[in-house]
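Taking it in order: structure first as structure tokens, then the write-up.
Where a number appears in this text, it was derived from the coordinates with a stated rule and is not lab data. Keep in mind the model is a prediction, meaning the values are calculated, not measured. So basically every Cβ, Gly included, is an ideal-geometry build from the backbone, and we count neighbours across all protein chains shown.
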Amino acid sequence: MITAAPHTTPGVLDGIVVADFSRVLAGPYATMMLADMGATVIKVESPTGDDTRAWQPPVREDMATYFLSVNRNKHAIALDLRDDDDLDTAHKLLAKADVFIENWKPGGLAKFGMDPEAVAERYPELVHASITGFGTTGGAHLPGYDLLAQAASGLMDITGEPESSGQKAGVAIFDVVTGLHATVGILGALQERQRSGKGQHIAVNLMSSALSGLVNQTSAYVAGGVVPTRMGNDHPSLAPYGPFAAADQPLILGVGNDRQFRQLTTALGASELADDERYATNPARNAHRDELRATLETYLQHRPASEWVEEFRELGIPCSEVFSIAQGVEFADEIGLAPVQLTGAEKVPTVKHPIDYSRSQVAYDKAPPTLNEDRQSILEWLDAEEG
């Protein structure tokens, strides 16, 4: 049976019902965040299912791990909005929901009476979140793919080695950022609804999220007139910052101020470098970054990366080894972050929700659903609510 709080200790969104008509990544990531926090999320899919069900390999017991990554704690129903009965069910769901989230193409829901104008008129208390690729004006016709946003925003142009043609990130980063922005917008609209009693439409898009998420790089251009360029793993404003060769493999240094640089040089047995006018300040280090790199690596070459990292960490110097995803998960576990949570009765391994609350519980109660898994219970719940 569908409940507003499937877990034993209420989450911060206990009692909130989310009608999730989104698919692929940005929307489902947002709704999983809401579900983890206690909201009841009804995942509405087409009869063929969310595209990511077919994005395999890799798989776990025939289910794509891509789909598993963003769909826990959700109740699933398949609806064909071209079918009158299914469309009626969709509207019943909107009538009972607090939040409606979708990432259809602009205008695509109008024929079903589920566009922003129709929703605002028919369900005035509903928070309606729309996710698009490039907004609803001049970019409304553009496909909403993360890769396109990485290219169009400039991320690819600043990623990679200087002599390369640009490189995408290793994950659909702007889908995730947009999903987080959608979550923030929804929470803000729910808070405002408590004061006004009215819902509202919020709109997020990949392109705006990308430009916002590029922070200092976009600011360099809009505030300073500087067009950032590819610098490999170097930082445009900090040095030393990036990978440096040790005896066996690179290690990462992230020196953010002059005090940290002095600590680093002392640990290397080269404290005189902190007083060298070429390196004494961050602007000076940036101006002489190539010389600085060569100098530091002559000292780092004497020991393996793991030994340097262990010593530097004890001294509070920002550093890390370069790990694989597997090593990263293992490292998080070693330092007590419990990165893997077994979800539902099936105990499906999923990645831990990123927020810890001192009093409220984060849910891991329901494994990512199979297609149409909860249809009967959802229909019964809607009928009971209607009665």
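Values computed for the structure shown
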item: Contour excess over end-to-end distance, with Cα ends at Asn233 and Ala338 and 0.36 nm allotted per residue; result: 34.9 nm
item: Filter on Lys74/Lys352; Lys74/Lys105; Lys96/Lys347; Lys43/Lys366; Lys74/Lys96; Lys92/Lys352 - keep pairs with C-alpha separation over 21 Å; result: Lys74/Lys105; Lys96/Lys347; Lys92/Lys352
item: Inter-probe distance in nm under a simple model that places probes 7 Å from Cα toward Cβ, at Ala203 and Val351; result: 3.0
item: Two-site label geometry, Gln194 and Val171: point separation in nm, points 7 Å out along Cα→Cβ; result: 3.0
item: Label-to-label distance, nm, for residues given as Thr48 and Thr137 (7 Å Cα→Cβ offset); result: 3.4
item: Sequence of Trp55, Trp308 once ranked by neighbouring C-beta atoms within 10 Å, starting from the fewest; result: Trp55, Trp308
item: Residue order, fewest to most surrounding Cβ atoms within 10 angstrom, among Val348, Val127, Val215; result: Val215, Val348, Val127
item: Highest-fluctuation residue, Thr265, Thr31, Thr343 considered, GNM on the chain with Cα pairs under 10 Å; result: Thr265
item: Solvent-free Debye scattering, log10 I(q)/I(0), computed from the Cα coordinates of the chain at q = 0.09, 0.13, 0.14 Å⁻¹; result: -0.65, -1.11, -1.21
item: Rounded if a/c under 1.5, otherwise prolate or oblate - the range 68-205, Cα gyration tensor axes; result: prolate
item: Only Lys, Arg (+1) and Asp, Glu (-1) charged, at Cβ; the range 147-243 dipole about Cα centre in debye; result: 520
item: Where Rh is the Kirkwood radius over Cα pairs, Rg/Rh for the range 1-147; result: 0.96
item: GluC sites (Glu not before Pro) restricted to DSSP loop in the range 239-295 with at most 11 other C-beta within 10 Å; result: Glu277
item: DSSP bridge orientation in the chain - percent antiparallel, rounded to nearest 5; result: 40
item: FRET efficiency, 1/(1 + (r/R0)^6) with R0 30 Å, evaluated for Glu380 and Asp80 via beta carbons; result: 0.90
item: Global geometry of the range 10-79, whether rounded, prolate or oblate, following the gyration tensor of its Cα atoms and the 1.5 cut on a/c; result: prolate
item: Globularity ratio of the range 238-387, using Cα Rg and 2.2 N^0.38 Å; result: 1.65
item: Difference of contour (0.36 nm per residue) and Cα-Cα distance, Ala274 to Ala245; result: 8.4 nm
item: Rounded FRET efficiency, nearest 0.05, which uses the C-beta distance separating Val329 from Glu307 and R0 of 35 Å; result: 0.90
